[in-house]
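Structure first, then comments.
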Protein chains: 2
Amino acid sequence: MALNKKPIRGMKDILPSEMQIRDYVIGVIKDTYGKFGFTSIDTPSVESIANLTNKQGGDNEKLIYKILKRGEKLNLADAAREEDVVDSGLRYDLTVPLVRYYSNNAAQLPSPFKALQIGNVWRAEQPQKGRYRQFMQCDIDIFGEPSNLAEIELILATTTTLGRLGFKGFEVRINDRRLLKAMAAYSGFPDEVHDSVFITLDKMDKIGIEGVEEELLKNGLERETVEKYLELYRKLGQEQDGVAYLERELEGLLDTSVLEGLREIIESVRATRSCEFEMVFDPALVRGMSYYTGTIYEIAIPEFGGSCGGGGRYDRMVGKFTGNEVPACGFSIGFERIIMVLTESGFQVPDKPRKKAYLIEKGVGGQALCEIIAKAQEARKEGTQVLVARMNKNKKFQKGQLQAEGYEEFEEFYKEALKN
Amino acid sequence: MALNKKPIRGMKDILPSEMQIRDYVIGVIKDTYGKFGFTSIDTPSVESIANLTNKQGGDNEKLIYKILKRGEKLNLADAAREEDVVDSGLRYDLTVPLVRYYSNNAAQLPSPFKALQIGNVWRAEQPQKGRYRQFMQCDIDIFGEPSNLAEIELILATTTTLGRLGFKGFEVRINDRRLLKAMAAYSGFPDEVHDSVFITLDKMDKIGIEGVEEELLKNGLERETVEKYLELYRKLGQEQDGVAYLERELEGLLDTSVLEGLREIIESVRATRSCEFEMVFDPALVRGMSYYTGTIYEIAIPEFGGSCGGGGRYDRMVGKFTGNEVPACGFSIGFERIIMVLTESGFQVPDKPRKKAYLIEKGVGGQALCEIIAKAQEARKEGTQVLVARMNKNKKFQKGQLQAEGYEEFEEFYKEALKN
């Protein structure tokens, strides 16, 4: 078989110009989250297939890269199903591995535990522009903090990071799963249709309230219930203070702490944010993952079509590993989308070092070469980036290439000149 | 199936204390190699199975994590061999992906191209202390530089990095594949036994010259040839200038540029090194990979048992992808061993930020909470790391944990005090 130059379908080689931006963004992320007390951790890219297919990952579980058993454990002849031949897979997100990590290492971790994890995940999705089968995620999570101090800190840390990267005018939208359920119950939807109702509600942004109405009716839901439900949303659209309106409407259907909590998060973030953005209550925000148990939130940036990160509270996932529930709350930033916007907008990494190229004629060696290298070593020690290279036959083309890489100063060394 | 808290066999969770050291080391590596003009790149973790099993990887090809085909391409019922059910695998090193990357993107890369790649690789080896099935490699490579300027720059960059990490008194050993072959030919070994002879020679460090003699004879090689071969090594042990000795002995059997090149590398590195280390000629150095075509080298650090990185010239691998050979030369640093030595020696990351913890009594909310968070935001802006957390019931234990994380300053906020 011939060797194949192309990366495997749906994955990509990262060129130096993009890599510079990625490294810079990761640096800003680590520094900013660090100031909020988040500590970096890492988990293996490979997880047991049992952990990856336990319904924590929703539809992502259909997209797993599965890894073949090895050695005696593999018996292809008798294999009937995929489960017979695989024992592990590549992680499709960072949340399941993180919760496993916390469950495994809690005794050695402080409480609350504030984790930052940046790493690749893999999903065998249909490739399309800007969507790859290997991509980087960047999550912060807090374990052991039941109060909404967790949400406030997560939102502040994430928005501070975005601000430092030059984004502005964005919006953080927040809602609560328990509120979603209370609104559905208030309207008369039975429990078992809630998830289906929320899937439709989630499209409000795209299809409008009329589209939502149409789809709910098409799904066979009672017209009266649908009308009562959407009337709530229509009224909310007219109210100045949506939280207060719902406090009145849903009285008795919802623990008062839910709406009080939302109000406190919104007000605290508004009062202490470190850059310009809107913090808004969005009663139609759904977020797909079924593991959320309380608050949910996401970020919308005008430069992006849709959301650029989000998260929520998931107080029951640790219990699935350990039997003991631990409050947990996270925020994932849309790393690849940020990189795409910065790359396409011609973003230049600040504070690049001074860059010099030494071009040495072929044949310069011995003592003369030593002197040139020693000079380069001196300049490097002083902080200059120095490329030492042989002069190519087409020197003009070589210099052009190097200029494109940011080299602005050149020194040339010839055999003859050095002999003198 | 119950969820499993443990990482998958042979892989590990990285705790915050180790992660701090890893992040620091990666920072030093990127900064130092950057000064030498190496640019960061990245390749997917997954490669096509054809590229991974094309005999570039030697024994590592037996250790590949193979990935199951997906969708219609997978036909388990008719599958007889592994090749029928897999289409890709996890990379076992960074060299094969890098050469594919260079072959794929050369038109967009400068010449010479100096690449830095830091990333995980996977090998299904028997786990043992300090050896994991997922581990990080850190390689620098130069494409398009036929002269030994490549080797000089690679060795200087690598040793400068080690020096900045506090290592000293180490040794860089260098040899050349062509010299190894000339010495074997000089002694009378036919071409077809050279690889087997080198496998034995490679054990010189462990079993001594007598051990090598014994094994070569046991392998059925002629006593006379073995004696002539080992006599060369015995004499080399007594010579002050081994290179000069071999220039005399091997005259006519080896292109003179090989030994001249080695001498030039050794002398240039000695003259321009930026920290204390020995640069020595080691005619018994073999290095396992069959793709090397010229110089080979490795680093030995007294704190480690064996080698802590190495590399060499491999001028023929690009040709396997593109049909056109391009000079290539690389140096891989033993990242995980460096981390292990630093971790075990109690290494402390320098220049950590000032760390403060604000502990807030349960029930403090509203305006009072806003004021505390605003104060934290101010301190963060000035560069202090501030953890804002609820006070646990056992405050003393919580503070003890935080002290272990490096928090030395505490501020406590109570409901009552704030009301005044």
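Restriction of the GluC sites (Glu not before Pro) in the range B:75-130 to DSSP coil positions whose beta-carbon has at most 10 other beta-carbons within 10 angstrom yields no sites.
FRET efficiency for the pair A:Gln348 and A:Lys55, taken as 1/(1 + (r/R0)^6) with r the Cβ-Cβ distance and R0 = 41 Å, rounds to 0.35. The HN-Hα couplings worked out from phi for the range A:296-309 by the Karplus form 6.51 cos²θ - 1.76 cosθ + 1.60 (θ = phi - 60°) are 9, 7, 8, 10, 10, 10, x, 4, 9, x, x, 7, 10, x Hz, whole numbers, x standing for Gly and Pro. The coefficient of translational diffusion for the range B:136-227, derived via Stokes-Einstein from the alpha carbon Kirkwood radius under 20 °C and 1.002 mPa s, stands at 133 µm²/s.
Stretched out straight at 0.36 nm per residue, the stretch from B:Glu239 to B:Gln403 would grow longer than its current Cα-Cα span by 53.3 nm.
What would the Debye equation give as log₁₀ I(q)/I(0) for the range A:331-383 at q = 0.17, 0.18, 0.28 Å⁻¹, counting only Cα atoms as equal point scatterers? Each listed q corresponds, in turn, to -0.70, -0.73, -1.10. In the context of the full protein assembly, B:Asp282 retains an accessible surface of approximately 30 Å², using a probe radius of 1.4 Å and ignoring ligands and nucleic acids. Between B:Lys129 and A:Arg164, the simple label model (points 7 Å from Cα in the Cβ direction) yields a spacing of 3.9 nm. Using C-alpha pairs under 8 Å with a sequence gap of at least 6, the mean separation divided by the residue count of chain B gives a relative contact order of 17 percent. Computed across the protein assembly as shown, the Kirkwood hydrodynamic radius from all distinct Cα-Cα pairs reaches 30.0 Å. Built from the Cα atoms of the range B:342-419, the convex hull projects on average onto 6.2 nm², one quarter of its surface area.
Considering only the other residues whose Cβ falls under 14 Å of the Cβ of A:Arg316, what net charge follows from Lys and Arg at +1 and Asp and Glu at -1?
On the way: positive: A:Lys55, A:Arg177, A:Arg178, A:Arg313, A:Lys320; negative: A:Asp315, A:Glu325.
Local charge sum for A:Arg316: +3.
Only beta bridges with both residues in the protein assembly as shown are counted; by DSSP, about 70 percent of them are antiparallel.
Between rounded, prolate and oblate, where does the range B:1-55 land on the alpha carbon gyration tensor, with a ≥ b ≥ c its root eigenvalues, rounded for a/c under 1.5, else prolate if a/b exceeds b/c? The partial results should precede the final answer.
Numbers: a/c = 3.61, a/b = 1.20, b/c = 3.01.
The shape class here is oblate.
How large is Rg over Rh for the range A:303-394, taking Rg from the Cα atoms and Rh as the Kirkwood inverse mean of 1/r across Cα pairs? We get a ratio of 1.37 for the range A:303-394. Here the range B:160-229 and the range A:76-129 have alpha carbon centers that stand 44 Å from each other.
Where both bridge residues fall in chain A, DSSP classifies roughly 70% of the beta bridges as antiparallel. Largest GNM mean-square fluctuation among B:Gly311, B:Gly294, B:Gly346, using chain B with Cα springs under 10 Å: B:Gly346. Mean-square fluctuation check for chain B, GNM, Cα pairs under 10 Å: which of B:Leu402, B:Leu52, B:Leu253 is largest? Its mean-square fluctuation being the largest, the pick is B:Leu402. Sorted from shortest to longest, the distances between the A:Pro127 label points of this copy and the other copies are 3.4 nm, with each point 7 Å from Cα along the line through the beta carbon. Counting Cβ atoms of other protein chains within 10 Å of each Cβ in A:28-37 and taking the mean gives 5.
Give me the extension gain from A:Glu247 to A:Ile199: residue separation times 0.36 nm, minus the current Cα-Cα distance, reported in nm with one decimal.
14.9 nm
The same position B:Pro146 in the other copies lies at 7.4 nm from this copy, comparing label points 7 Å beyond Cα toward the beta-carbon, shortest first. The Cα trace of the range A:183-291 gives Rg and Dmax of 15.0, 47 Å, the first to one decimal, the second as a whole number.
Inter-copy label distances for B:Gly366: 8.7 nm (label point placed 7 Å from Cα along Cα→Cβ; shortest first). The length gained by stretching the chain between B:Lys218 and B:Asp255 to full extension, at 0.36 nm per residue less their Cα-Cα distance, is 10.1 nm. Of the whole protein surface, B:Thr159 contributes about 0 Å² of accessible area at a 1.4 Å probe radius. On the beta carbon distance between A:Ile207 and A:Lys362, with R0 = 45 Å, the FRET formula returns roughly 0.10.
With runs of 4+ DSSP H residues as the only contributors, calculate the mean residue ellipticity of chain B at 222 nm using -39,500 (n - 2.57) per run, divided by the residue total and rounded to the nearest 500.
Working: 16 runs with 177 residues, N = 420.
Roughly -13000 deg cm²/dmol at 222 nm, from the helical runs in chain B.
Compared with the rule-of-thumb size 2.2 N^0.38 Å for a compact globular protein, chain A has a Cα radius of gyration ratio of 1.25.
Across A:Leu387, A:Leu342, A:Leu236, mean-square fluctuation computed from a Gaussian network of chain A (C-alpha pairs under 10 Å connected) peaks at A:Leu387. Taking 10 °C and 1.306 mPa s as conditions, the range A:243-376 diffuses translationally at an estimated 78 µm²/s according to Stokes-Einstein applied to its Kirkwood radius (Cα pairs). Per the Debye calculation on the range B:179-241 with a single equal scatterer at every Cα and no solvent contribution, log₁₀ I(q)/I(0) for q = 0.20, 0.21 Å⁻¹ amounts to -0.73, -0.81.
Using alpha carbon coordinates only, what is the Rg to Rh ratio of the range A:1-146, with Rh defined as the Kirkwood radius? Intermediate values should be presented prior to the final figure.
Details: Rg = 18.0 Å, Rh = 17.6 Å.
We get a ratio of 1.02 for the range A:1-146.
Pairs exceeding 32 Å between alpha-carbon atoms, taken from A:Lys396/B:Lys55; A:Lys5/A:Lys30; A:Lys395/B:Lys30; A:Lys66/B:Lys399; B:Lys6/B:Lys393; A:Lys62/A:Lys206: A:Lys396/B:Lys55; A:Lys5/A:Lys30; A:Lys66/B:Lys399.
If one computes the Cα centroid of the range B:291-341 and of the range B:255-280, what distance in Å separates the two points? Answer, in whole Å: 17.
The values are calculated or read from the model by the stated rules, or taken from the named source; none is laboratory data. Values in this document were obtained by computation on a predicted structure and should not be read as measured data. Quick reminder, even Gly has a Cβ in these numbers, built from the backbone with ideal geometry, and neighbours come from all protein chains shown. Surface accessibility is based on the protein's heavy atoms, side chains included, excluding ligands, DNA and RNA. Shrake-Rupley method; radii C 1.70, N 1.55, O 1.52, S 1.80 Å.
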